[in-house]
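Working notes, structure below.
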Amino acid sequence: MDSDERQWRKRATGLTQHLVFRIEKARNELVFGGSNDNPIELPKEGCLKINCDASMVKDNPIAGIAMACRDSNGQIINGSNRQLCVGPIEVAEAMAFKDTCSIISHKNWPQVFIESDFKVVVDQIFAS
């Protein structure tokens, strides 16, 4: 492995860790801090909720994508993250959504709500 690849892996790992940290921080603020302005809400009884997101450094094609699946008690029951080399952030956000749908399909979960903060991608998915 050459030094460029090591550098790429180090940045990608850092982005993914940052993304997972931000998702978990938001969850902790909601559960433990009583914050009302937190966008992560628990799903209703018997349902699951997945928050998916992407993160990348400006002018760098390396992105980190992650998802966290919670039950109605707020317990994380599944999650994933990975890094990839993509163009614009819209592609990374779409890949996070696609990975989330693949996991739902693979696990055969009955009622799942997906939440993403990237309106452009969400609007494009539901417009088609």
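The values are calculated or read from the model by the stated rules, or taken from the named source; none is laboratory data. Small disclaimer: the values here were computed from a predicted structure and weren't measured. When we count neighbours, we look across all protein chains shown, and the Cβ atoms used for this are built from the backbone with ideal geometry, even at glycine. Just the protein is used for accessible areas: all its heavy atoms, side chains included, with ligands, DNA and RNA removed. Shrake-Rupley method; radii C 1.70, N 1.55, O 1.52, S 1.80 Å.
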Could you please let me know if Ile77 is under 28 Å from Gly46 (Cβ atoms), of a type in the set (A, V, I, L, M, F, W, C), in contact (Cβ under 8 Å) with a residue 60 or more places away in the chain and in contact with a Cys (Cβ under 7 Å, 6 or more places away or on another chain)?
no
Going by the structure shown, is Leu19 more than 20 Å from Phe126 (Cα to Cα), at pLDDT below 75 and either open to solvent by less than 60 Å² (accessible area, probe 1.4 Å) or touching a helix residue (DSSP H, G or I) at 6+ places or on another chain (Cβ under 9 Å) (or both)?
yes
For region 81-89, indicate whether the set of residues that are crowded, with 18+ Cβ neighbours inside 10 Å and either modelled with pLDDT of 90 or more or of a type in the set (S, T, N, Q) (or both) is non-empty.
yes
Does region 103-110 include one or more residues that are of a type in the set (S, T, N, Q), on the phi > 0 side of the Ramachandran plot and over 12 Å from the mean Cα position of the chain (by Cα)?
yes
Qualifying positions in region 92-128 - crowded, with 17+ Cβ neighbours inside 10 Å, within 17 Å of Ala54 (Cα to Cα) and free of Cβ contacts under 8 Å to residues at least 60 places away in the same chain:
Ala92, Glu93, Ala94, Met95, Ala96, Phe97, Asp99, Thr100, Ile103, Val121
How many residues, within region 111-128, are more than 16 Å from the chain's Cα centre (by Cα), among the polar types (S, T, N, Q) and modelled with pLDDT under 85?
2
